[in-house]
Amino acid sequence: MFTQERVATNAGLFLEGLLGDEQRKAGWMRAEAAGDPGPWRQQAVLGRGDWDADALRDIVHDYVIEHLADDDAVLVIDEDRFSQTGQSVMRSGAAIHWSAGKITNCQIGVFAAYVSRHGRAFMDRALYLPKEWTDDPDRLEATYVPADVGFAIKPKLATRMIARAIAASVPFKWVAGDTVYGVGNIEQQLRRAGKGYVLGVSSAHVFRSWGKRPPVAGTAADLARTRRSSDWKRLSAGAGTKGPRLHDWCYLELADLEAEQSNSANDGLLTRGLLIRRRIADDDLAFFTTWCPAGTAIETLVAVEGHRWAIEDSFETAKNEFGLDHNESRSWHGWHRHVSLVMLAFAMMAAIRHRANPPPPKKTKRRPPAKAKT
């Protein structure tokens, strides 16, 4: 990773600082933990040091698979916002966005998390650059954005992450994401790769069935209104901080397609559908487009959608425990270096947690004693 021993040493100290007990993981706090008289060595890891953050991302990627791999894993795509104040408005990608219930200046990072029965960890990341940034050469130069980085919408960043995971033969069966990632190229990409998905869509998204009786056509909201009370099923999307996350769910199978028709790597019949979630407290609705093997139970689709909670919880943990949002660098490479080091710290703890909590051994039935021959 590192061409200079001193940079490698300081990166190791940086990582130890992220894993330490200090509540703030900023430069001065990490420097004090490392025994340095000032933060400049820590800052050099993010700024002046010569090393490739994408190479570290790939190391984290391989490490996560080594420890958490499972064929039924879910790749969860989501974004997080990093509020900026004062002089930090000139940090790479910072712009006015809706964040934490208000309009604020912030950076947006798109992330891919690997969620399996063994644990969860971040696998990939990318800093989103708004159009106002990519159209401003002076801003790009001031924050050291590489010349080949152009404007890309967030779903495009997600397709690149999925493509990297597929190219690396990462074992996963599903992809989950919210409404930002629910339509367009991501669906086509996953169908070609033979991956199932549960992706959020808006209430105005139009669905049509074919080859199914009775025929269905209309917006997601319209179709929800046609459902009878018997069509809904109360299910848990997984365990939350206050117990099972219960909602009412409804699933409509819209079309079946042979695998070869979808250019899929899977064999057999595949089904496109609409999954609807209704909140018990106020009947608020959420909608998801689905793609899965024919005959997939609604319980399975609900469980896949429930995996999105894992990345939200991971964001909170990464901020509270590892300083994900304590980055003081203003540059493009500084953001990616800081976030990649946090991803490594998170993955290390996920691996340790998995090893410290092995699954209970499977119970085996005792054979009855053989009868004595007479």
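Where a number appears in this text, it was derived from the coordinates with a stated rule and is not lab data. From a predicted model like this one, the values you see are computed outputs, not experimental measurements. Note that each Cβ is placed from the backbone with ideal geometry, even for glycine, and that neighbours are counted across all protein chains shown.
Phi angles across region 284-289 convert, under the Karplus curve 6.51 cos²θ - 1.76 cosθ + 1.60 with θ = phi - 60°, into 3J(HN,Hα) values of 5, 10, 9, 10, 9, 8 Hz, Gly and Pro given as x. Highest GNM mean-square fluctuation among D52, D283, D80, for the chain modelled with Cα contacts below 10 Å: D283. For region 114-175, the spherically averaged projection of the C-alpha convex hull amounts to 5.3 nm². When the square roots of the Cα gyration tensor eigenvalues are ordered a ≥ b ≥ c, the ratio a/c for region 243-348 is 1.5 or more and a/b does not exceed b/c, which makes its shape oblate. Please identify, among T159, T241, T289, the residue showing maximal mean-square fluctuation in a Gaussian network model of the chain using a 10 angstrom Cα cutoff. Between T159, T241, T289, it is T241 that shows the largest mean-square fluctuation.
Here each label is just a point 7 Å from Cα along the line to Cβ, and for E22 and A44 those points are 1.7 nm apart. Relative to the longest principal axis of the Cα atoms of the chain, the long axis of helix 53-68 makes an angle of roughly 40 degrees. Using only Cα coordinates, the Kirkwood hydrodynamic radius of region 134-247 works out to 18.0 Å.
Taking K and R as +1 and D and E as -1, what net charge do the other residues with C-beta under 11 Å from the C-beta of T290 add up to? Within the 11 Å Cβ shell, the charges total -2. Rounded to the nearest 10 degrees, the angle from helix 332-356 to the longest Cα principal axis of the chain is 60 degrees. In region 252-346, Cα pairs under 8 Å separated by at least six residues give a relative contact order of 16 percent. Taking the chain as a Gaussian network of alpha-carbon nodes connected by springs under 10 Å, the highest mean-square fluctuation of the residues P215, P39, P171 belongs to P215.
Tally Lys/Arg at +1 and Asp/Glu at -1 over every other residue whose Cβ is under 15 Å from the Cβ of D50; what's the total?
That works out to +1.
Here the scattering of region 179-232 is modelled by Debye summation over its C-alpha atoms, one equal scatterer each and no solvent; at q = 0.15, 0.18, 0.19 Å⁻¹ the log10 of I(q)/I(0) is -0.56, -0.77, -0.84. Computed 3J(HN,Hα) for region 199-208, one whole-Hz value per residue from the Karplus formula 6.51 cos²θ - 1.76 cosθ + 1.60 where θ = phi - 60°, is 10, x, 9, 7, 5, 8, 5, 8, 10, 9, glycine and proline marked x. In the chain, the C-alpha radius of gyration followed by the widest Cα-Cα span (Dmax) gives 23.5, 97 angstrom. With a ≥ b ≥ c taken as the square roots of the eigenvalues of the C-alpha gyration tensor of region 196-309, please select rounded if a/c is under 1.5 and otherwise prolate if a/b is larger than b/c or oblate if it is not? Because a/c hits 1.5 or more and a/b fails to exceed b/c, region 196-309 counts as oblate. Between 0 and 90 degrees, the angle of helix 154-167 with respect to the longest Cα principal axis of the chain falls at about 80 degrees. Candidate cross-link partners of K156 among the aspartates and glutamates, defined by an alpha-carbon separation under 19 Å and a same-chain spacing of 8 or more, comprise D54, D78, E79, D80, D124, E132, D135, D148, D178, E187.
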